[in-house]
Amino acid sequence: MAGPSDSEKALISAACQRLIDDVLKPRFLPAIRPTEFNYPVDIQGKWHGSRYRFIQRYRSGFPENLGEEFDAPFVRLDWLSRDRFDIQWHRHTGAWFCLHRGKSLPQALKLIETDGLLHPL
């Protein structure tokens, strides 16, 4: 099997969205606070093949590109098999680094909630 089915993706997406809405946004983005630099405006999730990425969206406050937005992923769930995931941390270098292997979805979401390395900046 090359990746999760569409129905599995829908279930995984719904669980991840609950984590984003109930934990990550209230804790790490309770309000949008514009600055003269890049500042976060959203936390969202997206599938990229068989990987689900948690992404922080930023908006620029710099005069030369005021209002432009870009995405910065911070953690990724790599689907291995039915209800098994590797948890990848996005390093400042742009490389992904596997911190946890073979976790169930509930275990993976709990680690994203509690492991400080896996939090958005």
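The values are calculated or read from the model by the stated rules, or taken from the named source; none is laboratory data. No experiment lies behind these values; they were computed from the predicted model shown. Neighbour counts run over all protein chains shown; Cβ positions are idealised from the backbone, glycine included. Please note that ligands, DNA and RNA were not included when accessible areas were found on the heavy atoms of the full protein model with its side chains. Shrake-Rupley method; radii C 1.70, N 1.55, O 1.52, S 1.80 Å.
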Listed residues 100, 90, 48, most fluctuating in the chain (Gaussian network, C-alpha, under 10 Å): 48
Accessible area, probe 1.4 Å, largest first, for residues 109, 77: 109, 77
Average accessible area per residue (Å²) across the chain - probe 1.4 Å, nucleic acids and ligands excluded: 57
Amide H contacts under 5 Å for residue 41, placed H, 5+ residues apart: 57, 58, 59
Mean separation of Cα contacts under 8 Å (6+ apart) over length of the chain, as relative contact order %: 18
Those GluC sites (Glu not before Pro) in the stretch 58-97 that DSSP places in a loop and that have at most 12 other beta carbons within 10 Å: 68
Area accessible to solvent at residue 96, 1.4 Å probe radius, in Å²: 70
Net length gained if the chain between residue 42 and residue 6 were fully extended (0.36 nm per residue, minus Cα distance): 10.4 nm
For residue 25, solvent-accessible area (1.4 Å; no DNA, RNA or ligand), Å²: 60
Nearest-ten-degree value, helix 6-19 long axis tilted from longest Cα axis of the chain: 50
Portion, in percent, of the accessible area of the stretch 11-121 that falls on carbon or sulfur, probe 1.4 Å: 53
Tally of Lys pairs whose C-alpha atoms are under 17 Å apart, taken over the stretch 1-111, 8 or more apart or cross-chain: 4
75, 23, reordered so the largest accessible area comes first (probe 1.4 Å): 23, 75
Rough spin-label spacing in nm, given labels placed 7 Å along Cα→Cβ, for residue 32 and residue 62: 2.0
Choice from 31, 95, 15 showing the highest fluctuation, given a GNM over the chain with Cα pairs closer than 10 Å: 95
Helical mean residue ellipticity (222 nm; -39500 (n - 2.57) per DSSP H run of 4+; nearest 500) of the chain: -6500 deg cm²/dmol
Accessible heavy-atom area order of 16, 98, highest first, probe of 1.4 Å: 98, 16
